[in-house]
Amino acid sequence: MSGPLPASLSRRALLTIGAGTAVLPWLGHRVAAQPAPGAPSASSASSASTLGPERHGLSIFGDLKYSADFAHFDYVDPAAPKGGTFSQIGPTIAFNQSFQTFNTLNGYILKGDAAQGVELLFDTLMARAYDEPDALYGLVAQSVAVSEEGTLYRFRLRPQARFHDGSKLTAEDVAFSLTLLKEKGHPVIGQNLRDLVSAQAEGDEVAVLRFAPTRARDVPLFAASLPIFSKAYYSAHAFDASTLDVPLGSGPYRVGPFEVGRYIEYRRDPDYWGNELPVNVGVNNFDVLRYEYFRDREVGFEAFKARAYLFRQEFTARSWATGYNFPALNEGKVKREILPDRTPSGAQGWFLNLRRPKFADPRVREALSYAFDFEWTNKNLMFDAYKRTTSFFENSDLEAEGPAGPDELALIERIAGQLTPEDIAVLKAPPWSPPVSDGSGQDRALLRKGTQLLREAGWSIQGGRLVDGQGNGLSIEFLDDENGLERHTAPFIKNLKLLGIEAHFRLVDSPQYQRRLNDFDFDTTVRRFSVSTVPGESLRNYFGSAAASIPGSNNLSGIADPVVDLLIEEVIAAPTRDQLRTACRVLDRRLRAGRYWVPQWYSAEFRIAFWDEFGWPSAPRPTYARAIPDIWSPRMRSAG
């Protein structure tokens, strides 16, 4: 399932930091309290003495909105019509997917650029509720029993689950899939599953997952959200191959026509085995879901105006402010809306690769921030449509503000024995925020501060060129695979040159871009890391020391800070939402103190435009997802 959508100017890779974190031994029984209807008692199951009752759902802290007999999610229209086509330029990507192109239908390995939407082919054990922060409800699994210590999860499968070829989906397929993904899947998946000790089948309809006692509390939910593959299919096909062969799935859609790098369609399976399940009522309403690919965003916008596709999420403030005056919109054939984004906006910026010695000194990294004039850029290039990003947990209650509060001070005191006095001072002080300029585009006071920091770091100007003690110059390559941010980077580069830094914007094709990121072969690039409301295991992948050397990991900056690692584990071990919030705020202080990035901007809204051919439920939209096209339908029913 897709996570929150980027509110950035660019359709930059959305890298969602998953919900949840490490579990304490006594937290296992906290997952969901209601027994599933018709579930056998725990005493009749194997390992009965260690298992709690069977439940119909899971959440991080055990709170579920929906009872075991719920008919459908509140935010859907259970009578939504089926049919029609929903077409778009996809706004999000995951794992090895690309915004610019695709050359494989395998979306769960490191190789290749996968087509967007491949997740539609596969079912998962459980499905996400969009009006709860982290709850999952049964899809292939009709129920789950959890051991009291939280290390064993016993999923009871629905006997009617089928693959597209009619073969039965069994617990053996579940166990095979999770083991395969851990061993050969994308590095992000493998790292998140590192505390999955084993996945085994007990007959056809019971899958047993065992986790290490130190596993993050969200790891079982992550495992329950991963695709289930056919063991028979992948016994005859190499899983780790980049291929355009259509894989055997079991989900609501099948692959339709496609042309590599241009478009791909998914056709709804009218005989999909799970159509009547509560989690599927009112969703999957379109017969065709189509993803379009354009290398140039202006060409893509012109294609939308010509009705080459039907739905557009607008990421360019200039286009939103000046481009929506074409005939179809003026005639009412195209609609525009701004939807509030109530999810954390995360962190967007130019992330600096600390594996390069030139970025080793935090004073150098901070100096770069003084050369980026956000206030000028926002006013002159983005129509004042954005706010400055300052936090790694932007637009959420996880963001650190001001001096550390009482709860934060208590946490800092508890771990003080593992910190230096300097560490403690940093964690107690107001968090670092990027400078505010005079909006001139060339704030001399800020540039002087940047120059001073560079001097303190041992750099000096010689012949108009910034050099270190050995006479080596400082150069920076801004790497990207699309030119959407080139206009915004150019004034930044101009100011860097005033500091004596040689900088340039480098545009490469998408495959080369992804290879270079996988190999950490870059100086700086733009990313947005979007957090969930309950961040956890994936924090290790984004900011943990172990991930800094794993090819393909999301720790782009190469952060390797023992204090960051310590605080990630504090987030992971937090037994309540309040304590998790406190730990995230302290972690935010430490990450911001590292100056690992030059922060950019965010907007707490979705700007959407669409040809007037769709309907959506009159119920309130879900809080934790845009849910488009999930809950939309092919013709108007009621105004939303």
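The values are calculated or read from the model by the stated rules, or taken from the named source; none is laboratory data. Note that this is a predicted model, so its numbers are computed, not measured. Ideal geometry is used to build each Cβ from the backbone, glycine not excepted, and the neighbour counts take in all protein chains shown. Note: areas computed on protein heavy atoms with side chains; ligands, DNA, RNA excluded. Shrake-Rupley method; radii C 1.70, N 1.55, O 1.52, S 1.80 Å.
Considering only DSSP states other than H, G, I, E and B, which trypsin sites (Lys or Arg not before Pro) in the range 262-353 qualify as loop sites with at most 16 other Cβ atoms within 10 Å?
Sparse-neighbourhood loop trypsin sites (Lys or Arg not before Pro): ARG262, ARG295, ARG307, LYS333, ARG342.
Using only side-chain charges placed at the Cβ, +1 for Lys and Arg and -1 for Asp and Glu, the dipole size of the range 149-227 relative to its Cα centre rounds to 160 debye.
Using a 10 Å Cβ count of at most 15 others and DSSP loop calls, identify the longest part of the chain lacking such chymotrypsin sites (Phe, Trp or Tyr not before Pro).
Answer - 27-382.
Cα-based radius of gyration for the range 391-535, normalised by 2.2 N^0.38 Å, reads 1.33. Label reach from GLU413 (point 7 Å along Cα→C-beta): in the range 560-586, amide nitrogens under 18 Å belong to 579, 582-583, 586. Taken over the range 300-364, the convex hull of the Cα atoms encloses 169 Å³ per residue.
For the range 460-467, 3J(HN,Hα) computed residue by residue from phi via the Karplus equation (6.51, -1.76, 1.60; θ = phi - 60°) reads 8, 8, 9, x, x, 10, 7, 9 Hz, glycine and proline entered as x.
Computed on the range 386-476, with alpha-carbon pairs under 8 angstrom and 6+ residues apart, the relative contact order is 18 percent.
When the accessible area of the chain is computed with all protein chains present and a 1.4 Å probe, what percentage of it is carbon and sulfur? Carbon and sulfur: 50 percent of the exposed surface of the chain. Taking all protein chains into account, the per residue accessible area for the chain stands at 36 Å² (1.4 Å probe). When the alpha carbon coordinates of the range 355-415 are projected onto the principal axes, the ranges are 46, 34, 18 Å, largest first. Using the Cβ-Cβ distance between GLN470 and LEU498 with R0 set to 25 Å, the FRET efficiency works out to roughly 0.60. Sites counted here are GluC sites (Glu not before Pro) in a DSSP loop (not H, G, I, E or B) having no more than 10 other Cβ atoms within 10 Å; the longest part of the chain that contains none of them is 332-640. Within the range 524-610, all pairs of alpha-carbon atoms sorted by distance into 10 Å bins from zero give the percentages 16, 45, 29, 8, 1. Pairs of Cα atoms nearer than 8 Å and 6+ residues apart set the relative contact order; for the chain it is 22 percent. Grab the beta carbon distance between ILE461 and ARG506, set R0 = 25 Å, and tell me the FRET efficiency rounded to 0.05. In this case the efficiency is close to 0.50.
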